[in-house]
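Beneath this line is the structure, given in structure tokens, with notes to follow.
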Amino acid sequence: MGQRLDIDALQALCAVEDFGGVTRASEQLALSQSAVSHKIRRLETGLDCVLLARRPGAPLLTQEGVNLVRYARRILSLHDEALLGLSKKPLSGKVRLGMTEDTTSSDLSRILGRFIRLHPNVSVRTQVRQSLELEEALETGKIDLAVMQLFTHRLQRTDVQLYDDHLCWVKARDFRINFDQPLPFLAYDARCFYKHWAMDAVQDSDVGLETVLECASSAGIVSGVQAGLGIALLPGQHVTSEMEVIGERLPSPPGVTFAVRESRNARSKPVAALAGEIACARSTLGKLTAAKL
């Protein structure tokens with residue numbers, strides 16, 4: 001067996017998939033495009049197969065490339081664990097993490113699980129709250145880090161943008177709207193910035209809203225819409241085939257973004273390490289769907 005899988009080359013291949021191409025991968029790895037391309041070609045030569053399709057309109061990776069990435073991620077994970085396990089100065093401390101319900105997905109849990117395995121001396125305490133509560137907790141220093149939603153125009157320069165979504169006014173397909181009367185509105189609770197925006201926005205329109213249900217859970221809002229209790233404002237990832245998007249009369253909602261934000265007072269290595277771990281996975285976090293309902 002003369003072939004060897006180079007760790008740096010495997011990292012480059014995973015970055016190409018994660019960031020959508022050689023150019024973006026080179027930016028993230030702080031390498032030139034030619035250096036990243038050379039690493040990939042060296043893998044291809046050693047394995048005698050083509051890993052990148054390199055054809056317009058074709059998938060980024062060939063099937064051989066997809067297969068190698070699966071192995072590469074496992075190899076890189078074990079490599080990192082070995083280095084950290086043998087390190088003379090393991091990371092230690094605590095992280096107070098806040099998340100919204102929509103980010104408590106299996107993928108984010110996987111990222112947290114890996115972080116805890118890599119850093120067994122770091123204590124991570126997690127709480128699930130509405131985004132407005134998390135923002136306040138960050139400001140007051142009650143949490144160190146938050147993965148939360150906010151309107152895209154409210155992103156701060158230091159936030160790490162994970163992925164975007166869009167808000168939709170929705171109803172059950174057989175629900176009939178009568179714009180001559182206040183529309184029954186299914187809302188998240190009083191701490192939800194969706195609700196605040198909706199109530200302010202309709203004041204400048206000829207449409208009225210009457211809150212008939214308040215529920216902090218997306219599952220509750222979705223169930224209520226599907227049952228025909230009224231209309232709601234939901235992220236696109238929660239819109240189901242049983243719903244219809246309302247395209248008339250109601251004000252157009254702004255875009256929403258899922259982001260990582262650190263507290264100004266959080267200056268510890270464990271907090272920075274966890275924030276970095278989540279940020280590194282942001283290319284797959286676009287595929288990180290909300291917790292299934």
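The values are calculated or read from the model by the stated rules, or taken from the named source; none is laboratory data. All figures in this text were calculated on a predicted structure; none of them were measured in a lab. All Cβ positions, even for glycine, are placed from backbone atoms using ideal geometry, and neighbour counts span all protein chains on display. For the accessible areas, the whole protein counts, side chains as well, though only heavy atoms, and no ligand, DNA or RNA atoms are used. Shrake-Rupley method; radii C 1.70, N 1.55, O 1.52, S 1.80 Å.
With the cut-off at 27 Å, report for the chain the share of all Cα pairs above it, as a whole percent.
53
For segment 10-17, in order, what is each residue's ³J(HN,Hα) by Karplus, 6.51 cos²θ - 1.76 cosθ + 1.60 with θ = phi - 60°, in whole Hz (x at glycine and Pro)?
Whole-Hz 3J(HN,Hα) from phi for segment 10-17: 5, 4, 5, 5, 5, 5, 4, 5.
Would you kindly work out the equivalent ellipsoid of segment 120-276 from its C-alpha gyration tensor and give its semi-axes, the square roots of five times the eigenvalues, largest first in whole Å? Walk me through the numbers before you get to the answer.
Working: eigenvalues 232, 47, 36 Å².
Three semi-axes, in Å: 34, 15, 13.
By a straight-distance test (C-alpha under 17 Å), which aspartates and glutamates pair with LYS94 as possible cross-link partners, with residues fewer than eight away in the same chain excluded?
LYS94 reaches ASP144, GLU262, GLU277.
Determine the shape class of segment 94-141: with a ≥ b ≥ c the square roots of the Cα gyration tensor eigenvalues, call it rounded for a/c under 1.5, and otherwise prolate if a/b is greater than b/c, oblate otherwise.
Oblate, because a/c is 1.5 or more while a/b does not exceed b/c.
Which angle between 0 and 90 degrees, to the nearest 10, do you get for helix 131-140 versus the longest principal axis of the chain when only C-alpha atoms count?
Orientation of helix 131-140: about 70 degrees from the principal axis.
Over the chain, what is the relative contact order in percent, taking alpha-carbon pairs closer than 8 angstrom and at least six residues apart? Before the final figure, lay out each step's value.
Values: 474 pairs, mean separation 63.3, N = 293.
With pairs under 8 Å counted, the relative contact order is 22 percent.
Step through the residues of segment 216-221 one at a time and calculate ³J(HN,Hα) from phi using the Karplus curve (6.51 cos²θ - 1.76 cosθ + 1.60, θ = phi - 60°), rounding each to whole Hz and writing x for Gly and Pro.
So the J values, rounded to whole Hz, are 6, 9, 4, 4, x, 5.
Rounded if a/c is under 1.5, else prolate if a/b is larger than b/c, else oblate: which is segment 173-254, with a ≥ b ≥ c the root eigenvalues of its Cα gyration tensor? Working shown, then result.
On the way: a/c = 1.45, a/b = 1.13, b/c = 1.29.
Taking the square roots of the gyration eigenvalues as a ≥ b ≥ c, segment 173-254 is rounded.
By average Cβ neighbour count within 10 Å, what is the ranking of 41-50, 11-20 from highest down? Don't skip to the answer; put the middle values down first.
Working: 41-50: 14.3, 11-20: 20.4.
Output ranking for 41-50, 11-20: 11-20, 41-50.
What is the log10 of I(q)/I(0) for segment 146-219, computed with the Debye formula using one identical point scatterer on each Cα and no solvent, at q = 0.13, 0.17, 0.22, 0.27 Å⁻¹?
So the normalised log intensities work out to -0.51, -0.81, -1.17, -1.44.
Using a 1.4 Å probe on the protein heavy atoms, what percent of the accessible area of the chain belongs to carbon and sulfur? Don't jump to the answer; show the numbers that get you there.
Values: 7950 of 15780 Å².
Carbon-and-sulfur percentage of accessible area, whole number: 50.
Take the alpha carbon gyration tensor of segment 59-177, find the square roots of its eigenvalues, order them as a ≥ b ≥ c, and report rounded if a/c is under 1.5; if not, report prolate when a/b exceeds b/c, else oblate. Write out the running numbers ahead of the final one.
Working: a/c = 2.51, a/b = 1.29, b/c = 1.94.
Because a/c hits 1.5 or more and a/b fails to exceed b/c, segment 59-177 counts as oblate.
Please work out the average accessible area per residue across the chain, using the 1.4 Å probe convention, and give it in Å². Present the calculation step by step, with values, prior to reporting the outcome.
Numbers: 15780 Å² over 293 residues.
Counting only protein heavy atoms, the per-residue value for the chain is 54 Å².
What area, in nm² and to one decimal, does the C-alpha convex hull of segment 1-134 cast on average over all directions? Please report the intermediate quantities before stating the final value.
Values: hull surface 44.9 nm².
Mean projected area for segment 1-134: 11.2 nm², to one decimal.
What is the Cα coordinate range of segment 114-190 on the first, second and third principal axes, sorted by size from largest, in whole angstrom?
60, 26, 22
For the peptides 51-63, 25-37, 125-137, what is the packing order when you average, over each peptide's residues, the other Cβ atoms within 10 Å and list the highest mean first?
Numbers: 51-63: 13.4, 25-37: 15.8, 125-137: 18.2.
Answer by packing, highest mean first, reads 125-137, 25-37, 51-63.
Can you pull the three principal axis extents for the Cα set of segment 1-68, in Å, largest first?
Cα extents, longest axis first: 33, 27, 17 Å.
So how do 156-166, 258-268 stack up, highest first, on mean other-Cβ count within 10 Å? Walk me through the intermediate numbers first.
Details: 156-166: 14.1, 258-268: 18.4.
Result, highest mean first: 258-268, 156-166.
Near the amide H of TYR163, under 5 Å away, which other amide H atoms are found, from residues 5 or more places off or on another chain, if H is placed in the peptide plane?
PHE258
To test your reading of the geometry: what angle, between 0 and 90 degrees and rounded to tens, separates the Cα axis of helix 63-86 from the longest principal axis of the chain?
Approximately 80 degrees, to the nearest ten.
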